[in-house]
Each structure stands twice: as structure tokens, then as C-alpha cells.
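Peer 1: Got a structure here, written out as C-alpha cells. Questions coming.
The values are calculated or read from the model by the stated rules, or taken from the named source; none is laboratory data. Here the structure is a predicted model, which means the values were calculated and not measured. Here the Cβ positions follow ideal geometry from the backbone for every residue, glycine too, while neighbour counts run over all protein chains shown.
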Amino acid sequence: MINDVSSAYAAWDAAFSKGDAKAISAFYADDAIFLPTTHDVIKGPAGVEKFFSGLFAMGVTGHELTLIEAHGDGNILFGAAKWSANGKDANGKDQPWGGVATHIFERQGDGSLRIKLHTFN
């Protein structure tokens, strides 16, 4: 279980490192809810793709998820992680970003995990 969540985090970070918002959105279930720090309620992969496209346009790079803990019953798993990224301040100057994130995953028929709920601060 912990290995599954760690692997999902590594794959998510790899997509982020490529600046590929479409690849990131593929990690989310069709009915996913994404709750970013903007306080928006974003639903589904298309909304996730739009959000991350905006981050990439701002020059955000170097995202990393570090697992704190993972639990679940095999079909529904949750992970808590520390996250970090290289962002920009209001003047466009490089600035480290970071916080904590929570993810709820649902195992798919092929064994892969899709994110049902993602929130971070």
C-alpha cells in the first residue's frame, strides 16, 4: 500500500517535471475533486489540466512529493505528503514553495491508482 502511493507520487512528480499538465490530469478520476490553495473547487481531469497549465505558464518547476504516511483497504487509499516546488513571487522572482497535501486514491480495474480527492496548502 505504501509502495503504491509512493509510486503514484513519483509518477506524478515525473509528469510535473516534464511540464505536462495533460499527463498530470491523467492521474485524476473523472469525478475527482481538486482543492488548491486558491479556494477554488475544481472538478475532473480537464479542470486539473487547466490549473497546472497555469502554474507552468507562471514558471513553476521542481515539484516533489515526500510521503508522510499512507493507509487504506486496497481499493481506497489515502496519502499525506510534504510537497515542495520552485515558484515565483508577485514580482516574478524565484521563491521556494511548500506545504502539505492529502490525496485519496481509488484503485482501478487495471491496478493503477486514480486520485479522487486532492487538497494542499
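Peer 1: Could you please give the count of residues in the range 1-29 that are β-branched (V, I, T) and surrounded by 14 or more Cβ atoms within 10 Å (Cβ to Cβ)?
Peer 2: Number of matching residues: 2.
Peer 1: Report the residue count in the range 79-121 for those that are farther than 16 Å from A11 by Cα and aromatic (F, W, Y).
Peer 2: Residues meeting the conditions: 2.
Peer 1: I would also like to ask the following. In the range 5-51, which residues are in contact with a strand residue (DSSP E or B) (Cβ under 6 Å, 6 or more places away or on another chain), closer than 18 Å to G111 by Cα and either part of a helix (DSSP H, G or I) or aliphatic (A, V, I, L, M) (or both)?
Peer 2: Correct list: V5, S6, A8, Y9, A29, A32.
Peer 1: Which residue is farthest from Q95 (Cα to Cα), if the candidates are limited to the range 30-50 and must be buried (at least 17 other Cβ atoms within 10 Å of the Cβ) and touching a Pro at 6+ places or on another chain (Cβ under 8 Å)?
Peer 2: That would be A32.
Peer 1: Applying the selection to the range 52-62, what residues are of a type outside the set (A, V, I, L, M, F, W, C), outside any strand (DSSP E or B) and surrounded by 14 or more Cβ atoms within 10 Å (Cβ to Cβ)?
Peer 2: Residue satisfying the conditions is S53 alone.
Peer 1: Which number in (1) within 11 Å of the chain's Cα centre (by Cα); (2) at pLDDT below 95 marks the one condition that H118 misses?
Peer 2: If we test H118 against (1) within 11 Å of the chain's Cα centre (by Cα); (2) at pLDDT below 95, just (2) comes out false.
Peer 1: Also: Looking only at residues in the range 52-88 that are without any contact (Cβ under 8 Å) to a residue 12 or more places away in the chain and among the small types (G, A, S), which one is farthest from G109 (Cα to Cα)?
Peer 2: Among those that are without any contact (Cβ under 8 Å) to a residue 12 or more places away in the chain and among the small types (G, A, S), it is A57.
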